[in-house]
Ligand code: ATP
């Protein structure tokens, strides 16, 4: 079962020109309808711009710009400098290869019938995918030449549009083009009767983190089978996320009275999977981080008393002399590639567990929190370094506030308040009101920091001449699957941050606005939505030049941040994990309420 690559390449080509979500879904649905069910997983991966889900930890394609230019030059039988010249003319490698193939094609059409038929070895999805896999798997000595040979072979047989698709895929430019949400809409429309199927597909994706596999189950076995998908040890589950509030009374009203109030530790979230002696640790963004925490791996193997389990917790650095918890930044030392055994000693960690998602064949994500916690308590053989998060059960704002202050004095960031009622299940991949974070006020500025995505950059002036001086930042709008601008940020950067920016942003610079970015302000260069930064400011305001939640609070105005300041990069967040436009609307409304209350005259 196979199909011509041409069908995908043409779809992607047309997708580039549109930005309306409904049109994108229609085009993808049309593509999926032509796809044999057996190969739907490959088609989904190719559209996502990956060969497999990142968490599998498989090799990347490993072909840089120079190698691509070489492969194109071989495939089009022209010198490399001509390829480079074309890139300069048309702006990027994808368009360059398209143009070069068009020129080669028109020359060939005029030659002999023999030459023409020679060109027609049609590429298919399966043979292209398999060759791309081979390129990725080619490692070690001499791999560079072999990779170039395989790639040039592929490009030689490709049409102009196919070549553009392949080059963009290899460059990794395909990756941010079409959001998972849009792909899921199209899968629902193709296989599962639309609206009713959509949440089932999303749930399965949240539990399996592999859209190709979810599509395959749906296409081959149907929606009923997809409903039966359970967590699987070794396969990361997309984490449940919390909403935020800063008034204990309001928080308890949301959770419906009783709640667990837990320390909110300032560390790295860890989803720990255990099967027999084998342990996997996944990060918040589903990367396999087991290698960074051999100590946690060992603790989990010894202290989780179950054959198979998936638990969740926070890994926190601490000072072995005083026992004090240390901030998240300390864990950066665990990111080093070498001498991890030294880092374990220098930067020891503790694990505070807070949830159980799966236990010996049973899906715990569907059970209410008290049941999950009870089972968690039973399987953890607690030690000082591998234990359960500090918590209380309460229904009064006074106790909540007291515990919050205690948490802060112990080095936590605040508390997590969690609903206990019978519907308080583990909502994988969902940010909802079952969990509410209540954090320390960062001075008396905005109630909380926000995480925004870089979508553009401005050239610097004066001391910053020759570098970038400011960035255009955006929030994520999950309903429309777009990034909406919030502010231009130029302060808070250290000199070394600014020095690193040009190199860091270079691979993602675009001459046109990315189709998933909604902006009215024009930066000097557009940047693909890849990098997430934590930002704070004096307050949220309304602005006519920003597109975040535009028109929602006031006609013709969006939400913006007054005096925004860069705090740090958030490499652990994907662009889709950024603060959402809806969250900013809620923060704005709460800020208004606070101001009105503070300014209200006292009752006589
Ligand atoms: P989010 O994960 O909500 O997008 P974020 O990464 O910016 O936000 P925070 O807003 O600080 O982080 O809060 C959520 C994070 O807090 C969780 O992802 C988890 O890593 C951490 N955390 C610490 N303690 C707990 C706890 N007891 N329960 C749940 N999460 C906790």
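The values are calculated or read from the model by the stated rules, or taken from the named source; none is laboratory data. Source: prediction; values computed, not measured. Reconstructed Cβ throughout: ideal geometry from the backbone, glycine too, with neighbour counts over all protein chains shown.
Among all residues of region 437-447, there is at least one that is within 16 Å of the ligand (Cβ to nearest atom) and exposed (fewer than 14 other Cβ atoms within 10 Å of the Cβ). There is no residue in region 531-538 that is more than 24 Å from residue 448 (Cβ to Cβ) and in contact with a helix residue (DSSP H, G or I) (Cβ under 7 Å, 6 or more places away or on another chain). Considering region 390-414, and only residues there that are farther than 18 Å from residue 370 by Cβ and outside any helix (DSSP H, G or I), the residue that is farthest from the chain's Cα centre (by Cα) turns out to be 396.
When restricted to residues that are modelled with pLDDT under 95 and part of a loop (DSSP other than H, G, I, E, B), region 531-550 contains 6.
All of (1) within 12 Å of the ligand (Cβ to nearest atom); (2) within 30 Å of residue 484 (Cα to Cα); (3) at pLDDT below 95 hold for residue 412 with one exception: (2). Beta carbons closer than 7 Å, at least 6 apart along the sequence or on distinct chains, pair a first residue in region 410-434 that is over 30 Å from residue 323 (Cβ atoms) with a second that is in a loop (DSSP other than H, G, I, E, B) and near the ligand (Cβ under 10 Å from one of its atoms) for 426/240; 427/240; 428/240; 430/240.
Candidates in region 326-343 are the residues that are assigned to a helix (DSSP H, G or I) and in contact with a helix residue (DSSP H, G or I) (Cβ under 9 Å, 6 or more places away or on another chain); of these, the one that is nearest to residue 316 (Cα to Cα) is 331.
Residues checked against (1) farther than 26 Å from residue 582 by Cβ; (2) within 16 Å of the ligand (Cβ to nearest atom); (3) buried (at least 22 other Cβ atoms within 10 Å of the Cβ):
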site	(1), (2), (3)
462	yes, no, no
468	yes, no, yes
473	no, yes, yes
476	no, yes, yes
488	no, no, no
498	yes, no, no
505	yes, no, no
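Reported count of residues in region 470-516, each being over 22 Å from the mean Cα position of the chain (by Cα), touching a residue at least 24 places away in the same chain (Cβ under 8 Å) and assigned to a helix (DSSP H, G or I), is 4. Put simply, of 322, 387 the only residue that is in a loop (DSSP other than H, G, I, E, B) and on the phi < 0 side of the Ramachandran plot is 322.
The combined condition, being in the same structural domain as residue 162 (by TED's automatic domain parsing), at pLDDT below 95 and in a helix (DSSP H, G or I), is fulfilled by residue 104.
Could you please let me know if residue 549 is buried (at least 18 other Cβ atoms within 10 Å of the Cβ) and within 25 Å of residue 20 (Cα to Cα)? Yes. Among the residues of region 291-317, the ones that are more than 24 Å from the chain's Cα centre (by Cα), in a strand (DSSP E or B) and either farther than 28 Å from residue 369 by Cα or in contact (Cβ under 8 Å) with a residue 60 or more places away in the chain (or both) come to 3 in all. Taken over region 185-205, the criterion of being surrounded by fewer than 22 Cβ atoms within 10 Å (Cβ to Cβ) and under 18 Å from the mean Cα position of the chain (by Cα) is satisfied by 202, 203.
Note on region 353-384: residues that are within 16 Å of the ligand (Cβ to nearest atom), in a helix (DSSP H, G or I) and either touching a helix residue (DSSP H, G or I) at 6+ places or on another chain (Cβ under 8 Å) or in contact (Cβ under 8 Å) with a residue 12 or more places away in the chain (or both) amount to 5.
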